[in-house]
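Written below as structure tokens is the structure these notes are about.
Laboratory data are not the source of any read-out in this text; all were calculated from the coordinates shown. Keep in mind the model is a prediction, meaning the values are calculated, not measured. Heads up, the Cβs are rebuilt from the backbone with ideal geometry, glycines too, and the neighbour counts pull from every protein chain shown.
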Amino acid sequence: METDREKLLNAALEHVPFDGMNDRALLAGAASINMPESLARVHFPQGGAGLAAAYHRGADDKLREWLTATPPEGAFRDRVAEAVWHRLSLIQPEIVRAAAATLALPVNAALGARLIWETADVIWTGLGDSSEDANWYTKRATLSAVIGSTVLFWLGDESDGHGETRRFIDRRIEGVMAFEKTKASLRRIPGVAPLGDLAFGWIHKPRGRNLPGKTRTR
């Protein structure tokens with residue numbers, strides 16, 4: 001069953017295409033379900049930024065479920081590309097545009113970057129990434145860059161079925177895989193692996209705590 005917060009989010013999102021991702025949409029959504037303004041602000045104290053984060057994380061939850069239920073097959077680069085492509089099918093362009101405008105504000109920039117990182121983490125984790133060291137961070141950092149640029153391309157893509165976006169994803173994922181291959185090759189060079197372990201061996205993925213800099217309210 002929907003929680004009151006989920007009902008408010010869905011109600012507010014109906015107003016976002018007209019009012020933007022902001023307090024106006026939040027309060028209009030609250031009014032449409034007869035929720036007091038004070039309670040609406042309890043659910044989303046960050047206003048529009050909170051709405052954007054909730055919408056983004058809701059799509060991440062659906063992606064996580066999809067990766068568990070029907071994991072993509074084929075070469076690893078194809079599986080990553082398919083996950084990014086599927087993530088786009090879970091969102092609506094007009095809402096994403098409004099969310100992007102809100103998250104682009106300086107006060108929300110850190111949150112916007114964190115949300116993209118979370119999506120990259122969902123994909124890598126869902127595809128079985130087992131890295132424990134600095135690779136855990138570099139994989140998510142490079143995929144975050146792909147996701148961010150892909151969303152911008154997708155928003156401006158008017159091709160049939162967003163076919164140009166799919167080809168864009170394939171090209172960008174090819175670059176990520178090339179980077180991972182280069183890292184693996186460098187570690188096979190005599191003397192390089194020990195130097196890397198000396199410089200970055202102390203770096204490990206987060207354990208039993210939130211992602212770097214991450215605070216979230218669902």
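Just wondering, is there one or more residues in segment 128-135 that are surrounded by 13 or more Cβ atoms within 10 Å (Cβ to Cβ) and either closer than 23 Å to G50 by Cα or among the hydroxyl-bearing types (S, T, Y) (or both)?
yes
If a residue has to be more than 27 Å from E14 (Cβ to Cβ) and either among the charged types (D, E, K, R) or under 12 Å from the mean Cα position of the chain (by Cα) (or both) to count, how many in segment 85-119 make the cut?
So the count comes out to 2.
Pairs, please: C-beta under 7 Å, at least 6 apart or cross-chain, first residue farther than 9 Å from T119 by Cβ and in segment 138-149, second surrounded by fewer than 20 Cβ atoms within 10 Å (Cβ to Cβ) and among the polar types (S, T, N, Q)?
K139/S131
Quick check: is even one residue across segment 40-49 of a type outside the set (S, T, Y) and within 20 Å of I147 (Cα to Cα)?
yes
Among the residues of segment 131-153, write down those that are more than 11 Å from the chain's Cα centre (by Cα) and either under 17 Å from M177 (Cβ atoms) or aromatic (F, W, Y) (or both).
Answer for segment 131-153, where residues must be more than 11 Å from the chain's Cα centre (by Cα) and either under 17 Å from M177 (Cβ atoms) or aromatic (F, W, Y) (or both): S131, N135, W136, Y137, T138, K139, A141, T142, S149, T150, F153.
Condition check ((1) closer than 25 Å to W124 by Cα; (2) in contact with a Lys or Arg (Cβ under 9 Å, 6 or more places away or on another chain); (3) small (G, A, S)) across all residues:
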position: P36; (1), (2), (3): no, no, no
position: F44; (1), (2), (3): no, yes, no
position: A49; (1), (2), (3): no, no, yes
position: R57; (1), (2), (3): yes, yes, no
position: R77; (1), (2), (3): yes, no, no
position: P93; (1), (2), (3): yes, no, no
position: V96; (1), (2), (3): yes, no, no
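Which helices (runs of 4 or more DSSP H) sit wholly inside segment 12-71 and have at least 2 residues that are crowded, with 20+ Cβ neighbours inside 10 Å and either in contact (Cβ under 8 Å) with a residue 12 or more places away in the chain or touching an Asp or Glu at 6+ places or on another chain (Cβ under 8 Å) (or both)?
So the answer is 23-32, 37-43, 48-69.
Just to be sure before I move on: is L90 outside any helix (DSSP H, G or I) and surrounded by fewer than 21 Cβ atoms within 10 Å (Cβ to Cβ) in the structure I sent?
yes
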